[in-house]
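Below is one structure, written out as structure tokens; the observations come after it.
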Amino acid sequence: MTSNEIKDIVSRVSVNPDLRKIASKVLENERISCEDALLLYEKADLNFVGMLAHYVKTQKFGDKVFFNKNIHVEPSNVCVHKCKFCSYYREEKSEGSWEYSIDEISESLKKIPQGALTEVHIVGGCHPNRKIDYYCNLLQTVKAILPHVYIKAFTAVEIEYMSHLNGISTEEVLALLKKSGLNAMPGGGAEIFDEKLRAEICPSKTLSQDWLAIHKQAHLLGIETNATILYGHRETFAHRVDHLNRLRTLQDETNGFNAFIPLKYKKENNVLGIERELPWTEDLRNFSITRLFLDNIPHLKVYWPMLGKDFSQITLDYGVDDFDGTINDSTKIYSMAGSVETKPILTQDEMITLIKESNKIPVERDTVYNVIKEY
Ligand code: V47
Ligand code: SF4
């Protein structure tokens, strides 16, 4: 749809005049304000925000939808933080905990044919007895076995914990990890930046200002990163807008974020005590409004293992341009929280089919969005 066609539709249907103004801003390529975003969350229906988000996504990428070939490595689920929404962490040596040695991880990586993937995504808990040598060794081992892959590893929360445990600054941690092979960082651990709510749902976790500072340090060191939001728990729309605004402000400064990934809170096996997960229409509205507000973070990613393949296809018409990865079934953070896909695995052919079925053009990318192949 062209901007004139959208203007025409907006002028014909009876839309709140303030919403109409926001639509004009979007169509004129003007940044929307926090007040605008809040109004969209409070008043705009799914079709309205969806149409605008799809327009913006199409302006940026046409019908292209990106994916990559990756694998998740989760060295341990032992974690000191015990976030209330997390279904994944365990106490050291308790039932359900795991702690893979470098040898165990390297044995499984050696089975992967060369060229089968372009990214290894490594993330786990904050383990109280694993010093930075373990992580540097792990990165070096991955690079030795799979020299051409990008390593996207460790959330800002893990970086902060390594700094704490080893008595060195977070900059030093990042520099050491980079020297050992770290190429990029995932966006986890952001949760919700509002300090009061953060203290309620993940009291011991990295403070919001520190999460942002670590990403800034990474960007200044040339490590590109992602960002996330955990939504659908106790947060208000104003909390979501505040969260997005802190990211947009940092991105104006550093331009180091590649992708934003909204993570829907899943309620199984954790103690947060939310009885009902959000309806899918709210997920679609959230994807759409995020696309409209975060005008400076290029990619909006759907993490399909969490939302399911079928629903993720629908998000491609609501501002999403990235279907994340082919993944393998080793990722547990969502399956333990009740995600739609209990054994997340997609072959490259299945990924291409899913994207084509949605009338989009599949484009394989690497971690930092260099195009590998268009299908
Ligand atoms: O920070 C934990 C979330 C995140 C639950 O950067 C939960 O490419 C929902 O950030 N319900 C870690 N979410 C995973 C992550 C990620 C995933 C995929 C791709 C990328 C990327 C990053 O998982 C945590 C937290 O926000 N999480 N528990 C739960 N019950
Ligand atoms: Fe640990 Fe991350 Fe789970 Fe929090 S969300 S308890 S930091 S693994």
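The values are calculated or read from the model by the stated rules, or taken from the named source; none is laboratory data. As the structure is a prediction and not an experimental result, all values here were calculated from the model. Reconstructed Cβ throughout: ideal geometry from the backbone, glycine too, with neighbour counts over all protein chains shown. The accessibility values were calculated without ligands, DNA or RNA, using every heavy atom of the protein model including side chains. Shrake-Rupley method; radii C 1.70, N 1.55, O 1.52, S 1.80 Å.
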Inset, instruction - Output ³J(HN,Hα) for region 14-20: one whole-Hz value per residue in order, computed from phi by the Karplus curve 6.51 cos²θ - 1.76 cosθ + 1.60 with θ = phi - 60°, and x for Gly and Pro. - result: 7, 10, 3, x, 5, 5, 4
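Set the Förster radius R0 to 25 Å, insert the Cβ-Cβ distance between Lys178 and Tyr369 as r into 1/(1 + (r/R0)^6), and round the FRET efficiency to 0.05. Show your work: numbers first, answer last.
Values: r = 19 Å, r/R0 = 0.77.
Working from the Cβ atoms, E equals 0.85.
I want the antiparallel fraction of DSSP beta bridges within the chain, as a percent rounded to 5.
Numbers: 4 of 32 bridges.
The answer is about 10 percent antiparallel.
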Inset, instruction - Mind checking which lysines have their Cα closer than 18 Å to the Cα of Lys21? Skip sequence neighbours fewer than 8 apart in that chain. - result: Lys7, Lys43
Inset, instruction - May I ask for the longest run of the chain untouched by GluC sites (Glu not before Pro) that are loop-located per DSSP and have at most 14 neighbouring C-beta atoms (other than their own) within 10 Å? - result: 96-267
Legend entry - Computed over region 60-368: relative contact order in percent, which uses C-alpha pairs under 8 Å that are six or more apart: 23 percent
Legend entry - Size descriptor, Kirkwood hydrodynamic radius, that averages inverse alpha-carbon separations across region 241-373, Å: 15.9 Å
Legend entry - Long-range amide H partners of Leu272 with built H, under 5 Å: none
Inset, instruction - Quick one: what are the phi-derived ³J(HN,Hα) couplings along region 5-10, Karplus 6.51/-1.76/1.60 with θ = phi - 60°, whole Hz, x for glycine and proline? - result: 5, 5, 4, 4, 4, 4
Legend entry - Charge tally in the Cβ shell below 10 Å around Cys34, where Lys, Arg are +1 and Asp, Glu are -1, Cys34 excluded: -2
Legend entry - Overall dimensions of region 48-133 as given by Cα atoms, namely Rg and Dmax in Å: 19.1, 52
Inset, instruction - With a 1.4 Å probe and every protein chain kept in, tell me what percent of the accessible surface of the chain is carbon plus sulfur. - result: 50 percent
Legend entry - Cα-centre dipole for the chain with unit charges at Cβ (Lys and Arg positive, Asp and Glu negative), debye to 20: 120 debye
Legend entry - HN-Hα J in Hz across region 306-322 - Karplus 6.51, -1.76, 1.60, θ = phi - 60°, x for Gly and Pro: 7, 9, x, 5, 5, 5, 4, 4, 5, 4, 5, 9, 10, x, 7, 10, 9
Inset, instruction - Enumerate the lysines that Lys178 could reach by cross-link, defined here as Cα to Cα under 27 Å, with residues fewer than 8 away along the same chain left out. - result: Lys69, Lys110, Lys111, Lys131, Lys143, Lys152, Lys205, Lys216, Lys301, Lys332
Inset, instruction - With r as the distance between the Cβ atoms of Asp133 and Leu207 and R0 = 25 Å, compute the FRET efficiency 1/(1 + (r/R0)^6) and round to 0.05. - result: 0.40
Legend entry - Calculated [θ] (222 nm, deg cm²/dmol) that DSSP helices of n ≥ 4 give over the chain, each run adding -39,500 (n - 2.57): -13500 deg cm²/dmol
Inset, instruction - Give the cross-link partners of Lys82 among the aspartates and glutamates, using a straight C-alpha distance below 18 Å as the criterion and excluding same-chain residues fewer than 8 apart. - result: Glu74, Glu91, Glu92, Glu95, Glu99, Glu158, Glu160, Glu191, Glu195, Glu200, Glu268
Legend entry - Long-range HN-HN contacts of Lys64 with modeled amide H, under 5 Å: Ile361
Legend entry - Contour minus Cα-Cα distance for Thr236 and Val13 (0.36 nm per residue): 77.5 nm
Inset, instruction - Using the 4.7 Å Cβ rule, please list in number order the cysteines from the chain without any candidate partner. - result: Cys34, Cys79, Cys126, Cys136
Inset, instruction - Taking amide H positions as placed in the peptide plane 1.01 Å from N, state which residues far from Gly308 in sequence (5 or more) or on other chains have amide H under 5 Å from it. - result: Val340, Glu341
Inset, instruction - Let me have the relative contact order for region 65-205, percent, based on Cα pairs under 8 Å that are six or more residues apart. - result: 28 percent
Legend entry - Accessible area expressed per residue, the chain, with surrounding protein chains retained (probe 1.4 Å, Å²): 41 Å²
Legend entry - With eigenvalues of the C-alpha gyration tensor scaled by 5 and rooted, region 60-368, Å: 26, 24, 20
Inset, instruction - Calculate the dipole size of region 206-254 relative to its Cα centre from +1 charges on Lys and Arg beta carbons and -1 charges on Asp and Glu beta carbons; express the result in debye to the nearest 20. - result: 140 debye
Inset, instruction - Sort out for me the Cα centre separation of region 249-311 from region 193-228, rounded to whole Å. - result: 16 Å
